[in-house]
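These notes concern the structure reproduced below.
The values are calculated or read from the model by the stated rules, or taken from the named source; none is laboratory data. Note that the coordinates shown come from a computational prediction; the quantities given were computed from them, not determined experimentally. Positions of Cβ are backbone-derived with ideal geometry, glycine not excepted, and every protein chain shown enters the neighbour counts. Ligands, DNA and RNA are stripped out before the accessible areas are found, and what is left, the full protein with its side chains, is counted by its heavy atoms. Shrake-Rupley method; radii C 1.70, N 1.55, O 1.52, S 1.80 Å.
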Amino acid sequence: MSVSLVVITAALGAIIGILTPRVAWRLSVEYGEPPRSACGDCGHPIDSWVRVRVSCPGCGRRLGPRPWLTTVVGAATFALLGWAFGPDPALPGYLAVAAVGVLLAFVDLAVLRLPDPLVGAAGVLGGGVLLLISLLDWSFAPLLRALLGALVLFGVYLVIALIPGANLGFGDVKLSAVLGLMLGWLGWPAVVLGLLLPHLLNGPVALVLLLTGRAGRGTDLPLGPALLAGTLVAVVIARHGLPLFG
Ligand SMILES: [Zn+2]
């Protein structure tokens, strides 16, 4: 394992994480609405996307998720991927999806939405790297498996979303296609793990929220963060065996 690569990816992820709160706050809007451009409390105009300080210059209220949390999540996610892949040409593709994924997770937590442009960007960036590798190697079997993985996850989640009363939106269905692409590239065991792990993670979290009274039976819980976290664990296991036992 390459320690320096883990340090470099962790630092990159921390930078992504530091820049996440402002972007997440601006994109946490209802469907079809433009990005937020003013503080909801005092009306102070806020029009920049790249900002480390997250409090409103007008009233001092924190805008968006806690910066320490996004920084830790970004650094840990990137470090795990750096550790799992090492100097593999596919690493940039997985890091790109992870960067958008961290943002998506915090937007979903805020407004229960996975905006199409972000999901699309993750797919284009991740898929683009996989396509480039396939062209350079002139080998298309992994790419074909990636596309089939995307199709499998898309199909499974589409069926679940169409069940009446299912607590799953079409944003989750589209995101699952992108995640299926990245999982399929790594092989079918990764696809199966990627199907199972989000729900193994989500079940206990939902149970704790119910038991502590922070969510009721009718509360809509975002699935995006669990889909992303479960996929991350599936990718790491597929690349490296079980992290704790390997
Ligand atoms: Zn304000």
Anything in segment 41-76 that is open to solvent by 70 Å² or more (accessible area, probe 1.4 Å), part of a loop (DSSP other than H, G, I, E, B) and either away from the ligand (no atom under 16 Å from the Cβ) or in contact with a Leu (Cβ under 6 Å, 6 or more places away or on another chain) (or both)? List them, or say none. 49, 50, 52, 66
Going by the conditions given, is residue 226 modelled with pLDDT of 95 or more and not in a loop (DSSP other than H, G, I, E, B)? no
Every listed condition ((1) among the small types (Gly, Ala, Ser); (2) out of contact with any helix residue (DSSP H, G or I) (no Cβ under 6 Å at 6 or more places or on another chain); (3) open to solvent by 20 Å² or more (accessible area, probe 1.4 Å)) holds for residue 96 save (2)
Filter segment 107-122 down to residues that are open to solvent by 20 Å² or more (accessible area, probe 1.4 Å) and assigned to a helix (DSSP H, G or I) and give me whichever is nearest to residue 5 (Cα to Cα). 121
Is there a residue in segment 164-186 that is closer than 26 Å to residue 85 by Cβ, over 19 Å from the mean Cα position of the chain (by Cα) and surrounded by 15 or more Cβ atoms within 10 Å (Cβ to Cβ)? no
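Under the condition of being touching a residue at least 40 places away in the same chain (Cβ under 8 Å) and not aromatic (Phe, Trp, Tyr), which residue from segment 187-205 is surrounded by the fewest Cβ atoms within 10 Å (Cβ to Cβ)?
Only one residue fits best here, namely 189.
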Among the numbered conditions (1) within 20 Å of residue 131 (Cβ to Cβ); (2) buried (at least 16 other Cβ atoms within 10 Å of the Cβ), tell me where residue 223 comes up short. (1)
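How many of the residues making up segment 21-40 are within 16 Å of the ligand (Cβ to nearest atom) and either touching a helix residue (DSSP H, G or I) at 6+ places or on another chain (Cβ under 7 Å) or within 17 Å of residue 104 (Cβ to Cβ) (or both)?
6
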Would a scan of segment 28-37 turn up a residue that is surrounded by fewer than 16 Cβ atoms within 10 Å (Cβ to Cβ), assigned to a loop (DSSP other than H, G, I, E, B), at pLDDT below 95 and of a type in the set (Ser, Thr, Tyr)? yes
